[in-house]
Amino acid sequence: MTILLSVQGITKRFGGLQALTRITFDLPEGQILGLIGPNGAGKTTLFNAINGVFPPEEGRIIFRGKDVTRAKTYDMAHMGLARTHQIVRPLNELTVRENVMVGACFGREKHGLDKAGKIADDVLEFIGLNRGDQLAGSLNIAQKKRLEMARALAAQPYLLLLDEVLAGLNPSEVDGMIQTVLNIRKRGITIIMIEHLMKAVMGISDRIIVLDYGTQIAEGTPEEIVNHPKVIEAYLGDPRLAQKLMEGEE
Amino acid sequence: MNILEVKDVVSGYGEVQILWGSTLSLQAGKVTCLVGGNGVGKTTLLRTTMGLIRPWQGSIHFEGQDVSRLPPYTKADLGLVLVPEGRQLFTDMSVVENLEMGASNKRARSKMKQNLERVYEMFPRLKERTGQKAGTMSGGEQQMLAVARGIMADPKVLMIDELSLGLAPVLVLALFESLRKLRDLGITILLVEQNVQMALAISDYGYVLSEGRIKMEGPSRQLIKDEHVRSTYLGL
């Protein structure tokens, strides 16, 4: 089992706020890692630390054997890391195909336009978005989410970070997107996904990490996670405090 | 008697549909909670009820009157008041100025003095800090101020979006206890919370929202013991 990504004790602060505290995990190649936790737990911040948006103050990030702790986002893209954003960010005035070509031009290999065009066509077919000539701004939200993924895939990453790709989709679109994520993994791409839709993340993750207030409160298989007392407390609240509140009434 | 009835409401933002037909009603004088995980539509349901978002379909009745299409300020005049998520205080204004801003509707203006005494009695900490800039207070104090500003609007129904988010447990307990005092003043409360345990412990009746739909409802004392609540939450 080759470790693709190793996150070793990373800590991130924003002013007085400790956004991440000593996050540590190894991600083997070919796995899907689910990243869950209540609002403000630090999930997107962890993505931003891994892909170089906000480098951590402490700890190390090793990607494919290299220390990438201080690497810039564009360097990470060349090294084989791609991501999607929770709020989709298409280049609205470009066509769908051109948007996807951007991923290929600035991804793992700096392809020229011809090759980038071919990759874009392949990826669009794979992702099921046959609207290459349409302006990206004219897509509906489900299509924009697919475009966001297509652009990331066109970068030909080893590791793909997916930030809430299911949010805002209707139930049948959700099913389609889950299938797409599984197909991406079949292509040999390792995935970390932040997801609030628990049914989905529990269903497709090999392992899950739970963050709460910037700390890693649990890691394990989906079965281990749903029975973990700290996870239940993070999601549902502290039963002892609730008991106290009820006693105050009586 | 149901003071607020939200029926089959469908809404969202732009082209993103969040609510897929949500129905709930508030019994006057009671505390009702709406719980559910991240991103299931709790805040959207409150914002739609308040009129910050127009419902795409469905209806909202307040004291028997159809208010589905009324703007938020008109609803506030009628006595439907929202304490928004993230407090949304006027951070450069003092505590008392923030409180006065809450009393901007006509009914509330005439009762400003009386309501000010009420909130100072409920939250003595605010009385100690009347002149302090809101933005310089702690998170818990700011949350108190947000609730207090809502009370200044002289609500019949007070909707609170995330009372406990990001607060230390001791403050959480104190804030929840203050809800009881509000209820005893005759204010009907709709509480949206991520902290399910606390929300069910304080409320009379609860709704569980999941994927834009109400998945369960019932008396809170029953829901708090119900394993299905947990599984709805954790997606099993």
Turns out the helices (runs of 4 or more DSSP H) fully within the stretch A:133-250 with at least 2 residues that are at the interface with chain B (Cβ under 9 Å from one of its Cβ atoms) and among the β-branched types (Val, Ile, Thr) are A:222-226, A:229-236
Within the stretch A:87-108, which residues are assigned to a helix (DSSP H, G or I), in contact with a Lys or Arg (Cβ under 8 Å, 6 or more places away or on another chain) and either surrounded by fewer than 19 Cβ atoms within 10 Å (Cβ to Cβ) or among the hydrophobic types (A, V, I, L, M, F, W, C) (or both)? A:96, A:100, A:102, A:104
Please state which one of B:190, B:158 is more than 14 Å from chain A (Cβ to nearest Cβ), modelled with pLDDT of 90 or more, in contact with a Ser or Thr (Cβ under 6 Å, 6 or more places away or on another chain) and under 19 Å from residue B:46 (Cβ atoms). B:190
Inter-residue pairs, beta-carbon under 7 Å, first more than 7 Å from every other protein chain (Cβ to nearest Cβ) and over 16 Å from residue B:40 (Cα atoms) and in the stretch B:197-212, second among the charged types (D, E, K, R) and surrounded by 24 or more Cβ atoms within 10 Å (Cβ to Cβ), 6+ apart: B:199/B:193
Odd one out for residue A:118 among (1) of a type outside the set (Asp, Glu); (2) surrounded by fewer than 22 Cβ atoms within 10 Å (Cβ to Cβ); (3) part of a loop (DSSP other than H, G, I, E, B): (3)
Since residue A:149 meets every condition but one in (1) surrounded by 18 or more Cβ atoms within 10 Å (Cβ to Cβ); (2) in the same structural domain as residue A:74 (by TED's automatic domain parsing), which condition does it not meet? (2)
Pairs returned, first residue in the stretch B:184-196 that is in contact (Cβ under 8 Å) with a residue 24 or more places away in the chain and surrounded by 23 or more Cβ atoms within 10 Å (Cβ to Cβ), second residue that is outside any strand (DSSP E or B) and among the hydroxyl-bearing types (Ser, Thr, Tyr), beta-carbon separation under 6 angstrom, 6 or more apart or interchain, are B:195/B:164
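Quick grid of which residues meet (1) within 14 Å of chain B (Cβ to nearest Cβ); (2) outside any strand (DSSP E or B); (3) out of contact with any helix residue (DSSP H, G or I) (no Cβ under 9 Å at 6 or more places or on another chain); (4) more than 20 Å from residue A:205 (Cβ to Cβ):
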{"site": "A:1", "(1), (2), (3), (4)": "no, yes, yes, no"}
{"site": "A:5", "(1), (2), (3), (4)": "no, no, no, no"}
{"site": "A:18", "(1), (2), (3), (4)": "yes, no, yes, yes"}
{"site": "A:25", "(1), (2), (3), (4)": "no, no, yes, no"}
{"site": "A:38", "(1), (2), (3), (4)": "yes, yes, no, no"}
{"site": "A:46", "(1), (2), (3), (4)": "no, yes, yes, no"}
{"site": "A:54", "(1), (2), (3), (4)": "no, yes, no, yes"}
Of everything in the stretch A:164-186 that's at pLDDT below 95 and charged (D, E, K, R), which residue is farthest from residue A:201 (Cα to Cα)? A:173
How many of the residues making up the stretch A:99-122 are free of Cβ contacts under 8 Å to residues at least 12 places away in the same chain and closer than 23 Å to residue A:139 by Cα? 3
Test each condition in (1) in contact (Cβ under 8 Å) with a residue 60 or more places away in the chain; (2) in the same structural domain as residue B:47 (by TED's automatic domain parsing) for residue B:147 and report the one that comes out false. (2)
Does the stretch B:25-43 include one or more residues that are free of Cβ contacts under 8 Å to residues at least 24 places away in the same chain, surrounded by fewer than 19 Cβ atoms within 10 Å (Cβ to Cβ) and under 23 Å from residue B:195 (Cα atoms)? yes
Helices (runs of 4 or more DSSP H) fully within the stretch B:117-236 counting 1 or more residues that are of a type in the set (Ser, Thr, Tyr) and farther than 21 Å from residue B:50 by Cα: B:169-184, B:220-223, B:227-234
Among residues of the stretch B:114-145, those that are under 14 Å from residue B:98 (Cα atoms), within 21 Å of the chain's Cα centre (by Cα) and of a type in the set (S, T, N, Q), counted: 3
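The values are calculated or read from the model by the stated rules, or taken from the named source; none is laboratory data. This one's a predicted model, so the numbers in the text were calculated from it and none came from an experiment. Ideal geometry is used to build each Cβ from the backbone, glycine not excepted, and the neighbour counts take in all protein chains shown.
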